[in-house]
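The values are calculated or read from the model by the stated rules, or taken from the named source; none is laboratory data. Since the structure is predicted, the reported quantities are computational estimates derived from the model, not experimental observations. Every residue, glycine as well, gets a Cβ built from its backbone with ideal geometry; the counts of neighbours run over all protein chains shown. The protein model used for the area step is the full one, side chains on, heavy atoms only, and it has no ligands, DNA or RNA in it. Shrake-Rupley method; radii C 1.70, N 1.55, O 1.52, S 1.80 Å.
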Amino acid sequence: MSSQAKAAKPAKPASGEKALKWILGITLAVGGILVILPFIWMILSSFKHEGEIQNIPPTLWPERFTTENFKNLFENLNFGVYLKNTFIIVLFSFFGLFLNAMAGFGFAKYKFKAKDKLFYLVLATMMIPGQVTMIPVYLILNEMQLTNTMIGVVLPGLVGAFGIFLFRQFMSTIPDELLEATRLDGAGEFRTFLQIVLPISKPILAVQGILAFIGGWNSFLWPLIIANDEKLYTLSVGLSLLKGQYGGNYALQMAGSTFMVVPIIIIFIFFQKHIIENYSISGMK
């Protein structure tokens, strides 16, 4: 019995394997530091004076913290207007998330003529680069007199094939018996969708909400094309203007870049687990 117990003991890892793990760990740590160091320098430089940023060799920690760069962004460079427009686009992106969920539910649980062909047609739009459709969309909105309006900025991005695909994949796993029982209790289709389907779909709603926020926060090319008035520009467009007008003011550019990047970093740090897990789940389903 003692011999069986000895045989059951797991073999200790060899010293070579331990050394390999240490080498890999150190390599990943160094690589992570090299990747994150520019972001740390950017954030800290946003609190420096212009003269300190141009010091050679450059310093990491500010000698004297200042918030003048951020005050200048909002008092003299209309970043308050850009922030308001960006929030409006993000809110409309969340409304588009609801529309994507409704379309995904329709493709997942309803039977209608040419459903599969229509779904494949929706998926086919994912193969077309967005830059190709910008001119036709612009001409359509111009005929509708929606250019240089906030509606024209947010309308083309309300619904997307990728979001419909993810919702359809997830909602296909909801048992039909559950929906039938809800209908037998007297609930209508819209009530069934709101009270049954959406609560079950919280995981995919979470990841799609994160992606909608990131997409709306980073919106740049379409607002730049459709809007001629600076009052409709977003943070990304404002940051581009800042680099063009104040190319020599590095402290101001660091402040603008920090204000643009930090919310995305925070969102990703807190919700990266949901993003990775739900992509894996949707892929398997």
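Overview of values
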{"read-out": "Net charge of Cβ neighbours under 13 Å - reference PRO62; Lys, Arg +1; Asp, Glu -1", "value": "-2"}
{"read-out": "Accessible surface of the chain [probe 1.4 Å, protein heavy atoms]: carbon and sulfur percent", "value": "68 percent"}
{"read-out": "Pairs of lysine residues in the stretch 77-245 - Cα separation under 20 Å, sequence separation of 8 or more or cross-chain", "value": "4"}
{"read-out": "Radius 11 Å from Cβ of ARG191, net charge of other residues (Lys, Arg +1; Asp, Glu -1)", "value": "-1"}
{"read-out": "Environment charge at VAL122 (Cβ cut-off 14 Å; Lys +1, Arg +1, Asp -1, Glu -1)", "value": "+2"}
{"read-out": "Per-residue [θ]222 nm for the chain (sum of -39500 (n - 2.57) over DSSP H runs n ≥ 4, rounded to 500)", "value": "-23000 deg cm²/dmol"}
{"read-out": "Distance (nanometres) between label positions extended 7 Å along Cα→Cβ at ILE267 and LEU198", "value": "2.0 nm"}
{"read-out": "Ordering of 49-59, 84-94 by packing [mean C-beta count within 10 Å, highest first]", "value": "84-94, 49-59"}
{"read-out": "Mean-position separation - Cα centroids, the stretch 64-125 and the stretch 201-255, in angstrom", "value": "12 Å"}
{"read-out": "Average accessible area per residue (Å²) across the chain - probe 1.4 Å, nucleic acids and ligands excluded", "value": "61 Å²"}
{"read-out": "For GLU75, solvent-accessible area (1.4 Å; no DNA, RNA or ligand), Å²", "value": "140 Å²"}
{"read-out": "Label-point separation, LEU139 to GLN54 (7 Å along Cα→Cβ), nm", "value": "4.9 nm"}
{"read-out": "Protection-proxy order for peptides 121-127, 227-233, 150-156, each taking the mean of Cβ atoms within 10 Å per residue, highest first", "value": "150-156, 227-233, 121-127"}
{"read-out": "Spin-label pair GLU68/LEU123, simplified geometry with 7 Å Cα→Cβ offset, distance in nm", "value": "5.8 nm"}
{"read-out": "Candidate values [x] 163; [y] 256; [z] 204, label of the one derived for volume of the Cα convex hull per residue in Å³", "value": "[y]"}
